[in-house]
Amino acid sequence: MTKRYSAFALLKEGLVGHTGWQPAWRSPEPKPRYDVVVVGGGGHGLATAHYLVRNHGLSSVAVIEKGWIGGGNSGRNTTVVRSNYFFPESAALYEMALKLYEGLSRALNYNIMLSQRGMVSLCHSPAEMETAARTVNAMQINGIDAELLSRAEVQRLMPALNCGPDARYPVYGAVHQARGGTARHDAVNWGYARAADRAGVDILQNTEVTDFIIEDGACRGVRTSRGDIRADRVGIAVAGHTSVLAARAGFRLPLTSFALQAAITEAVKPALDCVVVSPATGTYVSQSDKGDMVLGGGLDLVPSYGQRGNLPTLETVIAGLLEMFPSFRQLRLARQWAGITDVTPDSSPIIGESPLPNLFLNCGWGTGGFKAIPAGGTLFAHLLATGKHHEISRPFDLDRFERGRLIDEAAGSGIAH
Amino acid sequence: MQLFSCPFCGPRGESEFRFAGEFGNARPEGATVTDAQWSSYLHRRSNPKGRSAELWLHLTCGEVFRLDRDTLTHVVSGSYALGDCAEEVQP
């Protein structure tokens, strides 16, 4: 039986016809009771389960997933990781995630194919360059790598980018975070799932939470399509469907669900070796290891639970791409899809206790959940295990909407929300 | 391109419209409004999956109206001028 992945294990298995590999996680029967139940088998839910065991020593943890793990937004995002945020609260959160990503392949014994190829946010006017200089200063004060690039430096990074005088949105420069980049999103899910399963976490796929067990005004577990499961604490990490579960628990949240679209072209030889976003054209793009151009843009601003997306937004994104890279006109579109994102009024996530005691929330990541998975998991595990906030998650509590202390990253995250 | 129907202009392409909030989210009035009530009005949403009554702005004529649609299938079931939103069409 081969348990640990390594070059030696691959060689050994190659000699015996690859008969010793075992499934990366089990499909156990649900137990009637766990210490902690996490609803949602995406990146955040699986990472939470992993850190509940690894950081807090819990032994009885389950992840409940309606479909299959990583089948929602964790498999629909555009794989970008970065921490180029403006406010200190956000910088601490997303930098924690990026630092964990940097060691994640080794920590999980699973190659997440992290590629720190650099994140470039273009500026299209002198005024944008001034704002960009402020952003770079803020990031550096927050201890995050950032530099301001001139137009010549941008052109050197991306020879195919139209930086000429004929550009509809002329390029003046850019904000560059060299440690930003991409990671294989499926591998992040599968790596966390495998590590959590090895540590004894029960991953219950094809199990839908239909209701909450509420006794004496507190949450005591969940009712599922496979029977009741009791738990001391329940956490929900279900992204775009958080409001649906909240309604079953009897409260409303500051969330609206929107579709976020993405698309890929056919695969071509290497032509773009960084992630680039243009706030003016509303488009961002990177080239995957396979060679296809992965592109996305702003939200479809139509409240939606339909994982498709509408055509006008896709048209805007593609028009923006062709404006930036005229040579990409030759490419054919291979696939288009959408994920349902839960967007808060300030574009920052919610981590904290819900209005129902013993029920905890990890939601509101909106368009940026993937990059935050290791931090979301670490902080949510801390909250579920101790009942108290980690100092980094405290500003993101639900109470900020009553206190008025919002963390408005709509501008800071570099894409129009 | 999906067609939405403005009660004043008739069916138009979706890019002429902008979502303006949930229908029936009334502003709390009076001196005794608590932080929780005000926060709920400002920020908390029902965000339903399925049938939804919404406020939309028709950018070209500037009118705000009620649009009933399904957030899963995107099928539109009705469009009303706010002045005509009597008891029977309240959500």
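Quick look at the values:
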item	result
One residue from A:Glu353, A:Glu402 being surrounded by fewer than 24 Cβ atoms within 10 Å (Cβ to Cβ), more than 14 Å from every other protein chain (Cβ to nearest Cβ), of a type in the set (D, E, K, R) and without any contact (Cβ under 8 Å) to a residue 60 or more places away in the chain	A:Glu353
Leading residue by the ranking (farthest from A:Ala187 (Cα to Cα)) among those in segment A:271-312 that are assigned to a strand (DSSP E or B) and in contact with a Lys or Arg (Cβ under 8 Å, 6 or more places away or on another chain)	A:Leu301
Test result for A:Ala338, in contact with a Leu (Cβ under 8 Å, 6 or more places away or on another chain) and either at pLDDT 95 or above or not in a loop (DSSP other than H, G, I, E, B) (or both)	yes
Residue that is touching a residue at least 12 places away in the same chain (Cβ under 8 Å) and open to solvent by 40 Å² or more (accessible area, probe 1.4 Å), where the choices are B:Glu54, B:Glu63, B:Glu14, B:Glu29	B:Glu63
All helices (runs of 4 or more DSSP H) inside segment A:148-261 with 3 or more residues being within 30 Å of B:Arg44 (Cβ to Cβ)	A:242-249
In segment B:1-11, the residues that are more than 9 Å from chain A (Cβ to nearest Cβ) and open to solvent by 40 Å² or more (accessible area, probe 1.4 Å)	B:Leu3, B:Ser5, B:Pro7, B:Phe8, B:Cys9, B:Pro11
Residues of segment B:13-63 satisfying the condition of being outside any loop (DSSP other than H, G, I, E, B) and away from chain A (no Cβ under 12 Å)	B:His58
For A:Ala267: the one exception among (1) surrounded by fewer than 17 Cβ atoms within 10 Å (Cβ to Cβ); (2) more than 14 Å from every other protein chain (Cβ to nearest Cβ); (3) modelled with pLDDT under 95	(3)
Among the candidates A:Ser286, A:Ser304, residue that is among the small types (Gly, Ala, Ser) and either open to solvent by 10 Å² or more (accessible area, probe 1.4 Å) or closer than 27 Å to A:Pro159 by Cβ (or both)	A:Ser286
Of all residues making up segment B:1-12, the number that are assigned to a strand (DSSP E or B) and either among the aliphatic types (A, V, I, L, M) or touching a helix residue (DSSP H, G or I) at 6+ places or on another chain (Cβ under 7 Å) (or both)	2
Selection status of B:Arg69, open to solvent by less than 60 Å² (accessible area, probe 1.4 Å) and within 12 Å of chain A (Cβ to nearest Cβ)	yes
Index of the failed condition, A:Lys99 passing every other in (1) in a loop (DSSP other than H, G, I, E, B); (2) out of contact with any strand residue (DSSP E or B) (no Cβ under 7 Å at 6 or more places or on another chain); (3) not hydroxyl-bearing (Ser, Thr, Tyr)	(1)
Meets criteria (in contact with a Phe, Trp or Tyr (Cβ under 7 Å, 6 or more places away or on another chain) and not hydroxyl-bearing (Ser, Thr, Tyr)) for A:Glu315	no
Residues of segment A:379-396 that turn out to be under 17 Å from A:Ala91 (Cα atoms) and open to solvent by 20 Å² or more (accessible area, probe 1.4 Å), as a count	5
Selected residue (only one of A:Gly75, A:Gly67, A:Gly103 is surrounded by fewer than 22 Cβ atoms within 10 Å (Cβ to Cβ), within 16 Å of A:Gly180 (Cα to Cα) and either more than 14 Å from the chain's Cα centre (by Cα) or touching a residue at least 12 places away in the same chain (Cβ under 8 Å) (or both))	A:Gly103
Whichever residue in segment A:307-320 is open to solvent by less than 60 Å² (accessible area, probe 1.4 Å) and facing chain B (nearest Cβ under 10 Å) and, among such residues, is farthest from A:Asn77 (Cα to Cα)	A:Pro312
Check on A:Gly217, over 20 Å from the mean Cα position of the chain (by Cα), away from chain B (no Cβ under 14 Å) and surrounded by fewer than 15 Cβ atoms within 10 Å (Cβ to Cβ)	yes
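The rows are residues; the columns are (1) outside any loop (DSSP other than H, G, I, E, B); (2) under 27 Å from the mean Cα position of the chain (by Cα); (3) of a type outside the set (Phe, Trp, Tyr).
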{"position": "A:Lys12", "(1), (2), (3)": "yes, no, yes"}
{"position": "A:Thr19", "(1), (2), (3)": "no, no, yes"}
{"position": "A:Ala24", "(1), (2), (3)": "no, yes, yes"}
{"position": "A:Ser27", "(1), (2), (3)": "no, yes, yes"}
{"position": "A:Val37", "(1), (2), (3)": "yes, yes, yes"}
{"position": "A:Gly41", "(1), (2), (3)": "no, yes, yes"}
{"position": "A:Leu46", "(1), (2), (3)": "yes, yes, yes"}
{"position": "A:Ser59", "(1), (2), (3)": "no, yes, yes"}
{"position": "A:Ala62", "(1), (2), (3)": "yes, yes, yes"}
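The values are calculated or read from the model by the stated rules, or taken from the named source; none is laboratory data. Predicted, not measured: the structure shown is a model, and the values here were computed from it. Positions of Cβ are generated from backbone atoms using ideal geometry, with glycine treated the same way; all protein chains shown enter the neighbour counts. Keep in mind that these areas ignore ligands, DNA and RNA; they rest on the heavy atoms of the full protein, side chains included. Shrake-Rupley method; radii C 1.70, N 1.55, O 1.52, S 1.80 Å.
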